[in-house]
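Notes follow the structure.
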Protein chains: 2
Amino acid sequence: MNEIRLVSESRCFGGVQRTYEHDSASCACPMRFAVFLPGGADGVPALYWLSGLTCTEENFVVKAGAQRPAAELGIALIVPDTSPRGVDIPGQDEEIDVGSGAGFYVNATRAPWAAHYRMYDYVATELVDVVNANLPVDPGRKSICGHSMGGHGALLVGTRQAEQYRSVSAFSPICAASRSEWGRNALAQYLGDDENAWREYDVSEAIRRQPSAHTLLVDQGGNDPFLDQLRPGDLQAACEASGQPLRYTERPGYDHGYFFVSSFMERHIRYHAEALG
Amino acid sequence: MNEIRLVSESRCFGGVQRTYEHDSASCACPMRFAVFLPGGADGVPALYWLSGLTCTEENFVVKAGAQRPAAELGIALIVPDTSPRGVDIPGQDEEIDVGSGAGFYVNATRAPWAAHYRMYDYVATELVDVVNANLPVDPGRKSICGHSMGGHGALLVGTRQAEQYRSVSAFSPICAASRSEWGRNALAQYLGDDENAWREYDVSEAIRRQPSAHTLLVDQGGNDPFLDQLRPGDLQAACEASGQPLRYTERPGYDHGYFFVSSFMERHIRYHAEALG
(Lines give C-alpha, C1' and ligand atoms only; values in the text may rest on other atoms or scores of the structure.)
Protein backbone atom coordinates (compact mmCIF):
# COMPACT_ATOMS: atom_id res chain seq x y z
CA MET A 1 0.00 0.00 0.00
CA ASN A 2 2.80 2.40 0.92
CA GLU A 3 4.93 1.49 -2.08
CA ILE A 4 6.53 4.43 -3.91
CA ARG A 5 7.96 4.64 -7.42
CA LEU A 6 10.94 6.80 -8.31
CA VAL A 7 10.13 9.25 -11.13
CA SER A 8 13.31 11.33 -11.25
CA GLU A 9 16.49 11.86 -9.29
CA SER A 10 19.24 14.50 -9.37
CA ARG A 11 22.18 15.09 -7.13
CA CYS A 12 21.83 18.46 -5.39
CA PHE A 13 23.96 20.18 -2.73
CA GLY A 14 25.64 16.92 -1.77
CA GLY A 15 22.26 15.26 -1.26
CA VAL A 16 19.60 14.09 -3.67
CA GLN A 17 16.47 15.66 -5.12
CA ARG A 18 13.85 13.08 -6.08
CA THR A 19 10.31 12.89 -7.38
CA TYR A 20 8.19 9.93 -6.33
CA GLU A 21 4.77 8.68 -7.36
CA HIS A 22 2.49 6.45 -5.33
CA ASP A 23 -1.11 5.25 -5.33
CA SER A 24 -2.91 7.42 -2.84
CA ALA A 25 -5.79 5.89 -0.89
CA SER A 26 -7.00 9.30 0.32
CA CYS A 27 -7.13 10.79 -3.17
CA ALA A 28 -7.94 7.56 -5.03
CA CYS A 29 -5.39 8.33 -7.72
CA PRO A 30 -1.61 8.33 -8.22
CA MET A 31 0.00 11.29 -6.44
CA ARG A 32 3.46 12.75 -6.86
CA PHE A 33 5.68 14.31 -4.24
CA ALA A 34 9.20 15.71 -4.27
CA VAL A 35 11.84 14.91 -1.68
CA PHE A 36 15.19 16.44 -0.89
CA LEU A 37 17.44 14.25 1.24
CA PRO A 38 20.63 15.79 2.59
CA GLY A 39 23.87 13.86 2.08
CA GLY A 40 24.42 10.89 4.38
CA ALA A 41 20.80 11.17 5.49
CA ASP A 42 19.63 8.62 8.02
CA GLY A 43 17.09 9.43 10.66
CA VAL A 44 17.01 13.08 9.67
CA PRO A 45 14.11 15.35 10.60
CA ALA A 46 11.62 16.26 7.86
CA LEU A 47 10.17 19.61 6.89
CA TYR A 48 6.91 19.32 4.96
CA TRP A 49 6.24 22.10 2.46
CA LEU A 50 2.73 22.83 1.15
CA SER A 51 2.55 24.85 -2.07
CA GLY A 52 0.12 27.45 -3.35
CA LEU A 53 -2.52 27.66 -6.06
CA THR A 54 -1.48 26.36 -9.51
CA CYS A 55 1.68 24.72 -8.16
CA THR A 56 2.73 21.10 -8.49
CA GLU A 57 5.36 19.33 -6.39
CA GLU A 58 7.95 20.92 -8.68
CA ASN A 59 7.68 24.70 -8.16
CA PHE A 60 9.12 24.83 -4.66
CA VAL A 61 12.06 22.53 -5.31
CA VAL A 62 13.06 24.49 -8.43
CA LYS A 63 12.46 28.02 -7.18
CA ALA A 64 12.81 28.35 -3.41
CA GLY A 65 16.51 27.66 -2.91
CA ALA A 66 15.69 25.59 0.18
CA GLN A 67 18.07 22.70 -0.53
CA ARG A 68 21.20 24.67 0.35
CA PRO A 69 20.23 25.46 3.97
CA ALA A 70 18.46 22.09 4.30
CA ALA A 71 21.67 20.32 3.24
CA GLU A 72 23.72 22.39 5.66
CA LEU A 73 21.37 21.70 8.57
CA GLY A 74 20.58 18.07 7.72
CA ILE A 75 16.86 18.38 7.09
CA ALA A 76 14.78 16.42 4.56
CA LEU A 77 12.24 18.39 2.52
CA ILE A 78 8.93 16.72 1.61
CA VAL A 79 6.84 18.50 -1.01
CA PRO A 80 3.43 17.13 -2.07
CA ASP A 81 1.43 18.18 -5.10
CA THR A 82 -1.49 20.57 -4.43
CA SER A 83 -4.39 18.43 -5.67
CA PRO A 84 -5.34 15.11 -7.20
CA ARG A 85 -4.33 14.85 -10.87
CA GLY A 86 -5.61 12.94 -13.84
CA VAL A 87 -8.98 12.22 -12.28
CA ASP A 88 -12.20 12.77 -14.15
CA ILE A 89 -14.16 15.60 -12.55
CA PRO A 90 -16.07 18.05 -14.74
CA GLY A 91 -14.72 21.59 -14.43
CA GLN A 92 -11.56 20.51 -12.59
CA ASP A 93 -9.33 22.56 -14.91
CA GLU A 94 -11.50 25.64 -15.33
CA GLU A 95 -10.94 27.77 -12.24
CA ILE A 96 -7.73 28.86 -10.61
CA ASP A 97 -9.08 28.33 -7.08
CA VAL A 98 -11.00 25.05 -7.44
CA GLY A 99 -9.88 21.69 -8.81
CA SER A 100 -6.45 20.91 -10.25
CA GLY A 101 -3.74 22.77 -8.37
CA ALA A 102 -6.23 24.03 -5.80
CA GLY A 103 -7.00 21.25 -3.33
CA PHE A 104 -6.98 23.77 -0.44
CA TYR A 105 -5.92 21.01 1.98
CA VAL A 106 -9.51 20.07 2.86
CA ASN A 107 -11.44 16.80 2.80
CA ALA A 108 -14.21 17.46 0.28
CA THR A 109 -17.62 16.15 1.29
CA ARG A 110 -19.59 17.19 -1.77
CA ALA A 111 -19.88 15.31 -5.06
CA PRO A 112 -18.08 15.10 -7.41
CA TRP A 113 -15.04 16.35 -5.44
CA ALA A 114 -15.42 14.03 -2.44
CA ALA A 115 -14.30 11.01 -4.47
CA HIS A 116 -10.74 12.40 -4.79
CA TYR A 117 -10.20 15.76 -3.10
CA ARG A 118 -9.17 14.63 0.37
CA MET A 119 -5.98 16.67 0.60
CA TYR A 120 -6.19 17.23 4.36
CA ASP A 121 -6.01 13.52 5.10
CA TYR A 122 -3.47 13.13 2.34
CA VAL A 123 -0.91 15.60 3.64
CA ALA A 124 -1.61 15.22 7.37
CA THR A 125 -1.72 11.42 7.53
CA GLU A 126 -1.23 9.35 4.40
CA LEU A 127 1.82 11.15 3.01
CA VAL A 128 3.47 11.14 6.44
CA ASP A 129 2.95 7.37 6.68
CA VAL A 130 4.32 6.86 3.18
CA VAL A 131 7.38 8.99 3.89
CA ASN A 132 8.06 7.33 7.24
CA ALA A 133 7.74 3.87 5.69
CA ASN A 134 10.05 4.54 2.74
CA LEU A 135 12.56 7.26 3.49
CA PRO A 136 15.40 7.61 6.02
CA VAL A 137 13.63 10.21 8.16
CA ASP A 138 13.04 10.30 11.90
CA PRO A 139 9.25 9.88 12.31
CA GLY A 140 9.41 11.72 15.61
CA ARG A 141 10.78 14.95 14.20
CA LYS A 142 8.76 16.83 11.63
CA SER A 143 7.72 20.40 10.96
CA ILE A 144 5.52 22.09 8.40
CA CYS A 145 5.68 25.21 6.26
CA GLY A 146 3.91 26.55 3.18
CA HIS A 147 3.11 29.43 0.88
CA SER A 148 -0.20 31.16 0.14
CA MET A 149 -2.84 28.36 -0.12
CA GLY A 150 -0.05 26.15 1.23
CA GLY A 151 0.56 28.62 4.07
CA HIS A 152 -3.11 28.14 4.95
CA GLY A 153 -2.54 24.39 4.75
CA ALA A 154 0.57 24.48 6.93
CA LEU A 155 -1.02 26.66 9.61
CA LEU A 156 -4.17 24.52 9.51
CA VAL A 157 -2.51 21.12 9.77
CA GLY A 158 0.16 22.44 12.12
CA THR A 159 -2.29 23.89 14.64
CA ARG A 160 -5.05 21.29 14.33
CA GLN A 161 -2.51 18.50 14.86
CA ALA A 162 -0.11 20.60 16.85
CA GLU A 163 1.41 17.80 18.90
CA GLN A 164 2.65 16.12 15.71
CA TYR A 165 4.75 19.06 14.48
CA ARG A 166 7.77 20.62 16.15
CA SER A 167 7.29 23.96 14.41
CA VAL A 168 4.96 25.68 11.96
CA SER A 169 5.63 28.54 9.56
CA ALA A 170 4.16 30.20 6.50
CA PHE A 171 4.86 32.69 3.74
CA SER A 172 1.93 34.94 2.72
CA PRO A 173 -0.69 32.47 3.98
CA ILE A 174 -4.40 32.63 3.20
CA CYS A 175 -5.25 33.39 6.83
CA ALA A 176 -9.03 33.08 6.73
CA ALA A 177 -10.15 30.85 3.88
CA SER A 178 -13.83 31.27 4.76
CA ARG A 179 -13.52 35.05 4.24
CA SER A 180 -11.27 35.00 1.16
CA GLU A 181 -12.82 35.03 -2.30
CA TRP A 182 -10.53 32.19 -3.42
CA GLY A 183 -11.33 30.21 -0.30
CA ARG A 184 -15.07 30.81 -0.39
CA ASN A 185 -15.25 29.60 -3.97
CA ALA A 186 -13.25 26.49 -3.14
CA LEU A 187 -14.98 25.69 0.16
CA ALA A 188 -18.46 26.07 -1.35
CA GLN A 189 -17.55 23.58 -4.06
CA TYR A 190 -15.78 21.13 -1.79
CA LEU A 191 -18.01 21.35 1.30
CA GLY A 192 -21.36 22.73 0.13
CA ASP A 193 -23.27 25.79 1.25
CA ASP A 194 -23.17 25.35 5.03
CA GLU A 195 -20.58 27.90 6.10
CA ASN A 196 -20.22 26.22 9.48
CA ALA A 197 -18.42 23.41 7.69
CA TRP A 198 -16.05 25.93 6.11
CA ARG A 199 -14.89 27.23 9.51
CA GLU A 200 -13.27 23.89 10.28
CA TYR A 201 -10.79 24.74 7.53
CA ASP A 202 -10.33 28.41 8.34
CA VAL A 203 -6.94 29.02 9.95
CA SER A 204 -7.99 32.03 12.00
CA GLU A 205 -11.09 30.21 13.26
CA ALA A 206 -9.01 27.16 14.13
CA ILE A 207 -6.57 29.27 16.13
CA ARG A 208 -9.39 31.04 17.94
CA ARG A 209 -10.84 27.67 18.94
CA GLN A 210 -7.59 26.00 19.88
CA PRO A 211 -4.26 27.83 19.98
CA SER A 212 -1.09 25.72 19.95
CA ALA A 213 2.12 26.05 21.92
CA HIS A 214 4.14 26.76 18.75
CA THR A 215 5.39 30.20 17.98
CA LEU A 216 4.09 30.52 14.45
CA LEU A 217 6.57 32.18 12.09
CA VAL A 218 4.93 34.15 9.28
CA ASP A 219 6.51 36.40 6.64
CA GLN A 220 4.33 38.53 4.41
CA GLY A 221 5.35 40.76 1.50
CA GLY A 222 4.26 44.36 2.00
CA ASN A 223 3.70 44.81 -1.74
CA ASP A 224 1.67 41.61 -2.14
CA PRO A 225 -1.17 42.24 -4.63
CA PHE A 226 -3.37 39.61 -2.93
CA LEU A 227 -3.63 41.08 0.58
CA ASP A 228 -7.44 41.16 0.36
CA GLN A 229 -7.42 37.41 -0.28
CA LEU A 230 -4.81 36.64 2.37
CA ARG A 231 -6.20 38.75 5.26
CA PRO A 232 -3.12 38.71 7.53
CA GLY A 233 -4.97 40.98 9.96
CA ASP A 234 -7.43 38.15 10.66
CA LEU A 235 -4.54 35.89 11.67
CA GLN A 236 -3.00 38.53 13.91
CA ALA A 237 -6.37 39.21 15.58
CA ALA A 238 -7.03 35.49 16.11
CA CYS A 239 -3.60 34.94 17.64
CA GLU A 240 -4.00 37.91 19.92
CA ALA A 241 -7.49 36.82 21.01
CA SER A 242 -6.51 33.23 21.76
CA GLY A 243 -2.98 33.76 23.06
CA GLN A 244 -1.40 31.94 20.12
CA PRO A 245 2.26 32.99 19.90
CA LEU A 246 3.03 34.55 16.49
CA ARG A 247 6.16 36.07 14.96
CA TYR A 248 4.71 38.01 12.07
CA THR A 249 6.93 40.16 9.88
CA GLU A 250 5.87 42.35 7.00
CA ARG A 251 8.63 42.67 4.40
CA PRO A 252 8.34 46.07 2.72
CA GLY A 253 8.37 46.02 -1.07
CA TYR A 254 8.19 42.24 -1.51
CA ASP A 255 5.39 40.73 -3.58
CA HIS A 256 3.70 37.30 -3.51
CA GLY A 257 6.08 35.21 -5.62
CA TYR A 258 9.05 32.96 -5.16
CA PHE A 259 11.53 35.87 -5.41
CA PHE A 260 10.03 36.84 -2.04
CA VAL A 261 9.86 33.29 -0.69
CA SER A 262 13.45 32.51 -1.65
CA SER A 263 14.67 35.72 0.01
CA PHE A 264 13.49 34.51 3.43
CA MET A 265 13.69 30.75 2.96
CA GLU A 266 16.89 30.35 4.95
CA ARG A 267 15.28 32.18 7.88
CA HIS A 268 12.42 29.67 7.91
CA ILE A 269 14.69 26.64 7.50
CA ARG A 270 16.81 27.84 10.45
CA TYR A 271 13.70 28.40 12.55
CA HIS A 272 12.56 24.85 11.87
CA ALA A 273 16.06 23.41 12.35
CA GLU A 274 16.16 24.85 15.84
CA ALA A 275 12.83 23.23 16.76
CA LEU A 276 13.78 19.94 15.09
CA GLY A 277 16.96 19.67 17.14
CA MET B 1 18.34 53.43 -29.54
CA ASN B 2 19.42 52.11 -26.17
CA GLU B 3 16.02 52.67 -24.56
CA ILE B 4 14.74 49.82 -22.37
CA ARG B 5 11.22 49.04 -21.21
CA LEU B 6 10.46 47.49 -17.82
CA VAL B 7 8.43 44.27 -18.18
CA SER B 8 8.38 43.04 -14.58
CA GLU B 9 9.94 43.80 -11.23
CA SER B 10 10.12 41.95 -7.90
CA ARG B 11 12.01 42.69 -4.74
CA CYS B 12 14.53 39.91 -4.08
CA PHE B 13 17.21 39.49 -1.38
CA GLY B 14 17.14 43.17 -0.57
CA GLY B 15 17.67 44.08 -4.20
CA VAL B 16 15.46 43.92 -7.24
CA GLN B 17 14.86 41.32 -9.95
CA ARG B 18 13.68 42.87 -13.21
CA THR B 19 12.88 41.88 -16.77
CA TYR B 20 13.48 44.44 -19.52
CA GLU B 21 12.65 44.53 -23.21
CA HIS B 22 14.40 46.62 -25.86
CA ASP B 23 14.61 46.88 -29.63
CA SER B 24 17.77 45.09 -30.61
CA ALA B 25 19.67 46.34 -33.63
CA SER B 26 21.80 43.18 -33.81
CA CYS B 27 18.80 40.85 -33.79
CA ALA B 28 16.37 43.19 -35.56
CA CYS B 29 13.62 42.35 -33.09
CA PRO B 30 12.62 43.14 -29.50
CA MET B 31 14.81 41.20 -27.05
CA ARG B 32 14.28 40.53 -23.36
CA PHE B 33 16.87 40.30 -20.64
CA ALA B 34 16.68 39.82 -16.88
CA VAL B 35 18.62 41.85 -14.35
CA PHE B 36 19.29 41.43 -10.67
CA LEU B 37 20.50 44.56 -8.94
CA PRO B 38 21.73 44.22 -5.36
CA GLY B 39 20.33 46.65 -2.78
CA GLY B 40 21.79 50.14 -2.89
CA ALA B 41 23.42 49.33 -6.20
CA ASP B 42 25.41 52.11 -7.80
CA GLY B 43 28.47 51.45 -9.85
CA VAL B 44 28.41 47.75 -9.04
CA PRO B 45 30.23 45.20 -11.17
CA ALA B 46 28.14 43.04 -13.51
CA LEU B 47 28.21 39.31 -14.10
CA TYR B 48 26.72 38.30 -17.46
CA TRP B 49 25.07 34.88 -17.57
CA LEU B 50 24.46 33.03 -20.84
CA SER B 51 21.85 30.27 -20.71
CA GLY B 52 21.58 26.93 -22.46
CA LEU B 53 19.37 25.39 -25.14
CA THR B 54 15.60 25.94 -24.73
CA CYS B 55 16.09 28.59 -22.03
CA THR B 56 14.78 32.13 -21.99
CA GLU B 57 16.02 34.95 -19.76
CA GLU B 58 13.84 33.47 -17.02
CA ASN B 59 15.27 30.01 -16.26
CA PHE B 60 18.46 31.14 -14.58
CA VAL B 61 16.89 33.81 -12.40
CA VAL B 62 14.22 31.40 -11.17
CA LYS B 63 16.33 28.27 -10.71
CA ALA B 64 19.99 29.05 -10.02
CA GLY B 65 19.79 30.70 -6.60
CA ALA B 66 22.39 33.26 -7.70
CA GLN B 67 20.71 36.33 -6.23
CA ARG B 68 21.60 35.45 -2.63
CA PRO B 69 25.40 35.43 -3.10
CA ALA B 70 25.15 38.27 -5.68
CA ALA B 71 23.29 40.39 -3.11
CA GLU B 72 25.82 39.57 -0.43
CA LEU B 73 28.78 40.43 -2.66
CA GLY B 74 27.22 43.41 -4.42
CA ILE B 75 27.19 42.09 -7.98
CA ALA B 76 24.58 42.77 -10.67
CA LEU B 77 23.44 39.79 -12.76
CA ILE B 78 22.62 40.35 -16.45
CA VAL B 79 20.80 37.49 -18.18
CA PRO B 80 19.93 37.69 -21.90
CA ASP B 81 17.52 35.44 -23.76
CA THR B 82 19.13 32.70 -25.88
CA SER B 83 17.83 33.68 -29.34
CA PRO B 84 15.70 36.18 -31.23
CA ARG B 85 11.96 35.68 -30.60
CA GLY B 86 8.83 36.39 -32.55
CA VAL B 87 10.63 36.69 -35.85
CA ASP B 88 9.40 34.92 -38.95
CA ILE B 89 11.88 32.23 -39.97
CA PRO B 90 10.60 28.91 -41.33
CA GLY B 91 11.56 26.01 -39.07
CA GLN B 92 12.64 28.24 -36.19
CA ASP B 93 10.59 26.23 -33.67
CA GLU B 94 11.19 22.73 -34.99
CA GLU B 95 14.60 21.69 -33.68
CA ILE B 96 16.00 21.85 -30.16
CA ASP B 97 19.45 22.94 -31.36
CA VAL B 98 18.59 25.47 -34.08
CA GLY B 99 16.32 28.52 -33.99
CA SER B 100 14.28 29.67 -31.00
CA GLY B 101 16.16 29.07 -27.76
CA ALA B 102 19.27 27.98 -29.66
CA GLY B 103 21.10 31.05 -30.94
CA PHE B 104 24.47 29.45 -30.07
CA TYR B 105 26.01 32.90 -29.58
CA VAL B 106 27.12 33.17 -33.21
CA ASN B 107 26.54 35.76 -35.93
CA ALA B 108 24.65 33.84 -38.60
CA THR B 109 25.79 34.52 -42.15
CA ARG B 110 23.36 32.27 -44.01
CA ALA B 111 19.78 33.11 -44.99
CA PRO B 112 17.24 33.11 -43.52
CA TRP B 113 19.01 33.18 -40.13
CA ALA B 114 21.39 36.05 -40.88
CA ALA B 115 18.57 38.59 -40.72
CA HIS B 116 18.12 38.05 -36.96
CA TYR B 117 20.46 35.48 -35.44
CA ARG B 118 23.39 37.69 -34.50
CA MET B 119 23.67 36.61 -30.88
CA TYR B 120 27.45 37.01 -30.67
CA ASP B 121 27.26 40.72 -31.40
CA TYR B 122 24.15 40.96 -29.27
CA VAL B 123 25.65 39.60 -26.05
CA ALA B 124 29.24 40.77 -26.57
CA THR B 125 28.52 44.34 -27.66
CA GLU B 126 24.94 45.57 -27.94
CA LEU B 127 23.62 44.24 -24.64
CA VAL B 128 26.69 45.53 -22.82
CA ASP B 129 26.12 49.01 -24.28
CA VAL B 130 22.43 48.89 -23.36
CA VAL B 131 23.21 47.80 -19.81
CA ASN B 132 25.94 50.39 -19.32
CA ALA B 133 23.67 53.14 -20.66
CA ASN B 134 20.69 52.30 -18.48
CA LEU B 135 21.70 50.53 -15.29
CA PRO B 136 23.82 51.54 -12.29
CA VAL B 137 26.74 49.25 -13.15
CA ASP B 138 30.44 50.00 -13.42
CA PRO B 139 31.27 49.62 -17.16
CA GLY B 140 34.84 48.80 -16.28
CA ARG B 141 34.06 45.74 -14.20
CA LYS B 142 32.30 42.82 -15.85
CA SER B 143 32.63 39.06 -15.96
CA ILE B 144 30.87 36.28 -17.83
CA CYS B 145 29.52 32.85 -17.01
CA GLY B 146 27.12 30.37 -18.58
CA HIS B 147 25.69 26.88 -18.76
CA SER B 148 25.84 24.29 -21.55
CA MET B 149 25.30 26.21 -24.83
CA GLY B 150 25.70 29.29 -22.63
CA GLY B 151 28.92 27.87 -21.20
CA HIS B 152 30.16 27.68 -24.78
CA GLY B 153 29.01 31.29 -25.24
CA ALA B 154 30.71 32.50 -22.06
CA LEU B 155 34.02 30.79 -22.82
CA LEU B 156 33.85 32.01 -26.42
CA VAL B 157 33.07 35.66 -25.69
CA GLY B 158 35.27 35.67 -22.60
CA THR B 159 38.36 34.39 -24.39
CA ARG B 160 37.84 36.09 -27.79
CA GLN B 161 37.34 39.44 -26.02
CA ALA B 162 39.43 38.56 -23.02
CA GLU B 163 40.53 42.08 -22.14
CA GLN B 164 36.90 43.10 -21.60
CA TYR B 165 36.12 40.53 -18.91
CA ARG B 166 37.68 40.23 -15.49
CA SER B 167 36.86 36.52 -15.18
CA VAL B 168 35.23 33.73 -17.15
CA SER B 169 33.49 30.57 -15.93
CA ALA B 170 31.13 27.88 -17.13
CA PHE B 171 28.97 24.98 -16.01
CA SER B 172 28.93 21.94 -18.31
CA PRO B 173 29.92 23.95 -21.40
CA ILE B 174 29.71 22.72 -24.98
CA CYS B 175 33.48 22.76 -25.32
CA ALA B 176 33.87 22.13 -29.05
CA ALA B 177 30.74 23.21 -30.92
CA SER B 178 32.16 22.18 -34.28
CA ARG B 179 32.51 18.58 -33.05
CA SER B 180 29.25 18.34 -31.11
CA GLU B 181 26.13 17.04 -32.85
CA TRP B 182 24.08 19.94 -31.47
CA GLY B 183 26.72 22.44 -32.52
CA ARG B 184 27.28 20.98 -35.98
CA ASN B 185 23.59 21.11 -36.73
CA ALA B 186 23.38 24.72 -35.57
CA LEU B 187 26.59 25.92 -37.19
CA ALA B 188 25.70 24.36 -40.54
CA GLN B 189 22.36 26.19 -40.52
CA TYR B 190 23.76 29.50 -39.30
CA LEU B 191 27.09 29.57 -41.17
CA GLY B 192 26.75 27.20 -44.11
CA ASP B 193 28.79 24.16 -45.06
CA ASP B 194 32.32 25.57 -44.82
CA GLU B 195 33.59 24.09 -41.56
CA ASN B 196 36.41 26.64 -41.44
CA ALA B 197 33.78 29.21 -40.55
CA TRP B 198 32.53 27.00 -37.71
CA ARG B 199 35.94 26.95 -36.02
CA GLU B 200 35.68 30.65 -35.29
CA TYR B 201 32.89 29.71 -32.89
CA ASP B 202 34.46 26.61 -31.41
CA VAL B 203 35.70 27.26 -27.87
CA SER B 204 38.52 24.74 -27.94
CA GLU B 205 39.74 26.04 -31.31
CA ALA B 206 39.57 29.62 -30.05
CA ILE B 207 41.64 28.74 -26.99
CA ARG B 208 44.20 26.89 -29.09
CA ARG B 209 44.56 29.96 -31.32
CA GLN B 210 44.64 32.56 -28.57
CA PRO B 211 44.70 31.65 -24.88
CA SER B 212 43.76 34.35 -22.37
CA ALA B 213 45.28 35.32 -19.06
CA HIS B 214 42.12 34.31 -17.16
CA THR B 215 42.03 31.18 -15.11
CA LEU B 216 38.87 29.64 -16.54
CA LEU B 217 36.66 28.07 -13.88
CA VAL B 218 34.64 25.10 -15.16
CA ASP B 219 32.41 22.68 -13.23
CA GLN B 220 31.07 19.57 -14.94
CA GLY B 221 28.66 16.96 -13.58
CA GLY B 222 30.13 13.47 -13.63
CA ASN B 223 26.72 11.94 -14.34
CA ASP B 224 25.85 14.35 -17.17
CA PRO B 225 24.00 12.43 -19.91
CA PHE B 226 25.31 14.81 -22.60
CA LEU B 227 29.05 14.31 -22.21
CA ASP B 228 29.39 13.28 -25.87
CA GLN B 229 27.89 16.63 -26.87
CA LEU B 230 29.92 18.65 -24.36
CA ARG B 231 33.37 17.10 -24.93
CA PRO B 232 35.12 18.47 -21.83
CA GLY B 233 38.25 16.54 -22.82
CA ASP B 234 38.60 18.79 -25.88
CA LEU B 235 38.66 21.85 -23.62
CA GLN B 236 41.21 20.33 -21.29
CA ALA B 237 43.45 19.35 -24.22
CA ALA B 238 43.17 22.81 -25.81
CA CYS B 239 44.03 24.53 -22.52
CA GLU B 240 46.99 22.25 -21.97
CA ALA B 241 48.25 22.73 -25.54
CA SER B 242 47.99 26.53 -25.48
CA GLY B 243 48.88 27.20 -21.85
CA GLN B 244 45.41 28.52 -21.03
CA PRO B 245 44.95 28.33 -17.24
CA LEU B 246 41.94 26.17 -16.35
CA ARG B 247 40.40 25.09 -13.05
CA TYR B 248 38.26 22.16 -14.16
CA THR B 249 36.36 20.10 -11.61
CA GLU B 250 34.25 17.04 -12.27
CA ARG B 251 31.45 16.70 -9.73
CA PRO B 252 30.66 13.02 -9.25
CA GLY B 253 27.00 12.08 -9.46
CA TYR B 254 25.71 15.45 -10.69
CA ASP B 255 23.74 15.67 -13.93
CA HIS B 256 23.24 18.49 -16.45
CA GLY B 257 20.40 20.45 -14.86
CA TYR B 258 19.90 23.38 -12.54
CA PHE B 259 20.02 21.18 -9.43
CA PHE B 260 23.68 20.80 -10.37
CA VAL B 261 24.17 24.44 -11.36
CA SER B 262 22.57 25.78 -8.19
CA SER B 263 24.75 23.49 -6.04
CA PHE B 264 27.93 25.23 -7.24
CA MET B 265 26.57 28.67 -8.08
CA GLU B 266 27.94 30.33 -4.97
CA ARG B 267 31.41 29.00 -5.82
CA HIS B 268 31.24 30.68 -9.23
CA ILE B 269 29.83 33.94 -7.86
CA ARG B 270 32.65 34.10 -5.29
CA TYR B 271 35.23 33.38 -7.99
CA HIS B 272 33.91 36.27 -10.07
CA ALA B 273 33.55 38.55 -7.04
CA GLU B 274 37.24 38.16 -6.31
CA ALA B 275 38.18 39.14 -9.86
CA LEU B 276 35.67 41.99 -9.94
CA GLY B 277 37.15 43.53 -6.80
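The values are calculated or read from the model by the stated rules, or taken from the named source; none is laboratory data. As the structure is a prediction and not an experimental result, all values here were calculated from the model. Cβ sites come from the backbone with ideal geometry, for glycine too, and all protein chains shown count toward neighbours. Note: accessible area is taken over every heavy atom of the protein model, side chains too, but ligands, DNA and RNA are not part of it. Shrake-Rupley method; radii C 1.70, N 1.55, O 1.52, S 1.80 Å.
Per residue of chain A, what 222 nm ellipticity follows from adding -39500 (n - 2.57) for every DSSP H run with n ≥ 4, rounded to the nearest 500?
Working: 10 runs with 90 residues, N = 277.
Calculated at 222 nm, the ellipticity per residue is -9000 deg cm²/dmol.
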So how compact is segment A:172-277: Cα radius of gyration and Dmax in angstrom?
14.7, 44
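Hey, got the dipole for the protein assembly as shown? About the Cα centre, +1 on K and R Cβ, -1 on D and E Cβ, debye to the nearest 20? Could you put the intermediate results ahead of the total?
Working: 46 positive and 70 negative charges, 287 e Å.
For this selection, approximately 1380 debye.
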Percentage of Cα-Cα pair distances in segment B:134-206 greater than 21 Å, rounded to whole percent?
31 percent
Per 5 Å bin, what percent of the C-alpha pairs of segment A:178-221 does each bin hold, from zero upward?
5, 20, 25, 18, 16, 11, 4
Calculated SAXS-style log₁₀ I(q)/I(0) at q = 0.13 Å⁻¹ - the protein assembly as shown, Debye, Cα scatterers:
-1.24
Solvent-accessible surface (1.4 angstrom probe) belonging to A:Phe259, in square angstrom, nearest 10:
50 Å²
Amide H neighbours of B:Gly146 under 5 Å, counting only residues 5+ apart in sequence or on other chains, H built in-plane at 1.01 Å?
B:Leu50, B:Ser169, B:Ala170, B:Phe171
For A:Lys142, list the lysines whose Cα falls under 29 Å from its own Cα; do not include residues on the same chain fewer than 8 positions away.
A:Lys63, B:Lys63
Taking chain B as a Gaussian network, where each spring joins two C-alpha atoms under 10 Å apart, which residue of B:Ser262, B:Ser148, B:Ser167 fluctuates the most?
B:Ser262
Between A:Asp42 and B:Ser8, how many nm apart are label points set 7 Å from Cα along the C-beta direction?
4.4 nm
If we restrict to alpha carbons, what Rg and Dmax does chain B come to, in Å?
17.2, 50
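Under the rule that an exposed site lies in a DSSP loop and has at most 16 other Cβ atoms within 10 Å, name the longest stretch of chain A with no GluC sites (Glu not before Pro) of that kind, not counting the sites themselves. Could you put the intermediate results ahead of the total?
Numbers: sites that count: A:Glu3, A:Glu94.
Answer - A:95-277.
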Which is farthest toward the positive dipole end of segment A:191-277 among A:Gly233, A:Ala213, A:Tyr258, measuring Cα position about the Cα centre, with Cβ charges +1 (Lys, Arg) and -1 (Asp, Glu)?
A:Ala213
Karplus ³J(HN,Hα) for segment B:31-40 (6.51 cos²θ - 1.76 cosθ + 1.60, θ = phi - 60°; Hz, whole; x = Gly/Pro) runs 10, 9, 9, 9, 9, 10, 10, x, x, x
Copy-to-copy spacing for A:Arg110, label 7 Å out on the Cα-to-C-beta vector, in nm, shortest first?
6.1
Mind checking which chain A residue has its Cβ closest to the axis relating A to B, and how many whole Å off it is?
A:Gly65, 2
Please report the antiparallel percentage of DSSP beta bridges with both residues in chain B, rounded to the nearest 5.
50 percent
At q = 0.20, 0.23 Å⁻¹, base-10 log of I(q)/I(0) for segment B:1-116 (Debye sum, equal scatterers on each alpha carbon):
-1.07, -1.27
Under a Gaussian network model of chain A whose springs join Cα atoms within less than 10 Å, the largest fluctuation of A:Thr109, A:Thr56, A:Thr159 belongs to A:Thr109
Report the one residue of A:Thr82, A:Pro112, A:Leu37 whose Cα lies farthest in the direction of the positive end of the charge dipole of segment A:1-115 (charges on C-beta: Lys and Arg +1, Asp and Glu -1; origin at the Cα centre).
A:Leu37
Find every distance from the label point of A:Glu95 to the corresponding label point in the other copies (7 Å from Cα along Cα→Cβ) and write them in nm, one decimal, shortest first.
4.8
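Please give the length that would be gained between A:Gln164 and A:Asp121 if that part of the chain were fully extended, namely 0.36 nm times their separation in residues minus their C-alpha to C-alpha distance (nm, one decimal). Walk me through the intermediate numbers first.
Details: separation 43, 0.36 × 43 = 15.48 nm, distance 1.39 nm.
Here the answer is 14.1 nm.
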I want to make sure I understand the PRE zone here: with the label point 7 angstrom from the Cα of B:Asn223 toward its beta carbon, which residues in segment B:41-83 have backbone N atoms less than 20 Å away?
B:64
Could you tell me how far the Cα centroid of segment B:82-150 sits from the Cα centroid of segment A:151-187, in Å?
45 Å
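How much of the accessible area of the protein assembly as shown, in percent, comes from carbon and sulfur atoms when a 1.4 Å probe is used?
Working: 8800 of 19740 Å².
Carbon and sulfur together cover 45 percent of it.
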